[in-house]
């Protein structure tokens, strides 16, 4: 079969040029689309990876937050227990102190000259009311209180005295207060040092 090109010879290069340009145009479009598809796929994969990493990080954060919350709860419970133990220990010390103060009062009260009617304690303040044979007996009782290791020597105060007559006897009704304190612990160092000195002196005498 014989094909005859009826187009003018001058138009053939133009058509070839147009055909090449169209081919290049479509190739450029294909390349651009391919690049866009590649970047889209790559970005999608990156987004998925970052999303997965974010979920992992969020999970770790929630876990650490739960641990932090548990730690705070444990610290609060520990603090509450310490406070309760402190209150219990203080109550025990106060109870022991009250017992010792009562023992001291039983020792220093001259039962043949002075009689305690009421004894009340509010905080560290101890208030006593009673009757005595005279002001001198009250003064001696206050001096004995000041010498007690459980009474603040500067806190003994006579509030009131009033003469009363009971069964024909003239007595002094008194009201005084004092501050209860915890005695300072005994110092053992001087005793040990004194023991060492005695040991040295005895060894020197033996020599």
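Every read-out reported here was derived from the displayed coordinates using simple, explicitly stated rules and does not represent laboratory data. Just so it is clear, the structure is predicted and the values come from calculations on it, not from any experiment. Here the Cβ positions follow ideal geometry from the backbone for every residue, glycine too, while neighbour counts run over all protein chains shown.
Relative contact order of segment 111-179, taken over Cα pairs closer than 8 Å and 6 or more residues apart, is 34 percent. Each 10 Å bin, from zero up to the one with the longest distance, holds this percent of the alpha carbon pairs of segment 111-179: 21, 55, 21, 4. Each of residue 32 and residue 119 was given a label point 7 Å from its Cα along the Cα-to-Cβ line. The distance between the two points is 10.6 nm. Return, ordered by residue number, the residues of segment 125-154 whose backbone nitrogen is under 13 Å from a label point located 7 Å along Cα→Cβ of residue 108. Answer for segment 125-154: 126-128, 138-154.
Each of 152, 66 was scored by other Cβ atoms within 10 Å of its Cβ. Arranged with the fewest first, they read 66, 152.
Taking 0.36 nm per residue of sequence separation and removing the Cα-Cα distance, the residue 99/residue 157 pair yields an extension gain of 18.7 nm.
Checking the a/c ratio against 1.5 first, then a/b against b/c, what shape does the Cα gyration tensor give for segment 40-108? It is prolate, given that a/c is not under 1.5 and a/b is the larger ratio.
The slack in the chain from residue 182 to residue 164, taken as 0.36 nm per residue of separation less the alpha-carbon distance, amounts to 2.9 nm. Each of 36, 142 was scored by other Cβ atoms within 10 Å of its Cβ. Arranged with the fewest first, they read 36, 142. Fully extending the segment from residue 70 to residue 82, taken as 0.36 nm per residue of separation minus the present Cα-Cα distance, adds 2.5 nm.
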